[in-house]
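Structure first, commentary second.
The values are calculated or read from the model by the stated rules, or taken from the named source; none is laboratory data. Just so we're clear, the structure is a prediction, and the values are computed from it rather than from any experiment. Glycine also receives a Cβ, built like all others from the backbone with ideal geometry; neighbour counts cover every protein chain displayed.
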Amino acid sequence: MKSILLLIRKPIFIVFSILIFQISCEKEMPELVNEEEVITTVVLNLIDETGASQSVRWFLNPAVSNQASVDPIVLKANTKYTVSVNFLNESDPTNPQTITADIVAEADDHQVFYEFTGNAISLSTSSSDTVDSENNPLYLTSIWSTGTEASSGQVRIYLIHLPTSKSGQSRTDFGGETDVSADFPFQIRL
């Protein structure tokens, strides 16, 4: 009788050992990581009603204590501009990367917000702008209308990641994280 029990125990022990070995060797599923975008450059392309265009750049220079260099925006009074914004990673000058396509692909997770000093420029959406799944504009393309007087000021452009709201009058209204903010000085000339 003892020999039968020994014969039964041995295969059970072997099966049990194999199962434990099998389970301990299973690999865990890797956690998918959505890396944050590295944005070093913000480019604005402005086209007025006559078709005249200008392109201005904001560039973050990590070699100089992350100081930004920026081109000023020169606008005509009483004029509408179609403005498109592009976000780039130029940290490796030999391999610049456009981040804007990723933002469009993840439209629900992003929002562009413009903060103007004064009231010299009014902002509206463009029919050619990208919209998210709820039909909210991202403001990658927008319309800027200048006032009738000469003035100067600044526009701060925010790229917001995972906004809690897609509308508001100030940056805090949107929640989420700021991927990048870029300040552009502007002048409106008569």
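Among the residues making up the stretch 86-98, none is in a loop (DSSP other than H, G, I, E, B) and surrounded by 20 or more Cβ atoms within 10 Å (Cβ to Cβ).
Conditions (1) within 16 Å of the chain's Cα centre (by Cα); (2) farther than 18 Å from V42 by Cα, marked per residue:
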site: A101; (1), (2): yes, no
site: D109; (1), (2): yes, yes
site: S126; (1), (2): no, yes
site: V131; (1), (2): yes, yes
site: W144; (1), (2): no, no
site: R156; (1), (2): yes, no
site: T164; (1), (2): yes, yes
site: Q169; (1), (2): no, yes
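When the residues of the stretch 107-137 are filtered to those that are at pLDDT below 95 and not hydrophobic (A, V, I, L, M, F, W, C), the one that is surrounded by the most Cβ atoms within 10 Å (Cβ to Cβ) is T117. For the stretch 47-61, indicate whether the set of residues that are modelled with pLDDT of 95 or more, of a type in the set (S, T, Y) and over 25 Å from L138 (Cβ atoms) is non-empty. Checking the stretch 47-61: at least one residue is modelled with pLDDT of 95 or more, of a type in the set (S, T, Y) and over 25 Å from L138 (Cβ atoms).
Results for (1) among the aromatic types (F, W, Y); (2) part of a loop (DSSP other than H, G, I, E, B); (3) in contact with a Lys or Arg (Cβ under 7 Å, 6 or more places away or on another chain), shown as yes or no for each residue.
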| residue | (1), (2), (3) |
| --- | --- |
| S84 | no, no, no |
| D108 | no, no, no |
| E115 | no, no, yes |
| G118 | no, yes, no |
| S122 | no, no, no |
| E134 | no, yes, no |
| G153 | no, no, no |
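Every test in (1) assigned to a strand (DSSP E or B); (2) exposed (fewer than 15 other Cβ atoms within 10 Å of the Cβ); (3) among the hydrophobic types (A, V, I, L, M, F, W, C) is passed by V104 save one, and that test is (1). All conditions in (1) loosely packed, with under 14 Cβ neighbours inside 10 Å; (2) touching a residue at least 12 places away in the same chain (Cβ under 8 Å); (3) in contact with a strand residue (DSSP E or B) (Cβ under 8 Å, 6 or more places away or on another chain); (4) not β-branched (V, I, T) hold for E37, with the sole exception of (1).
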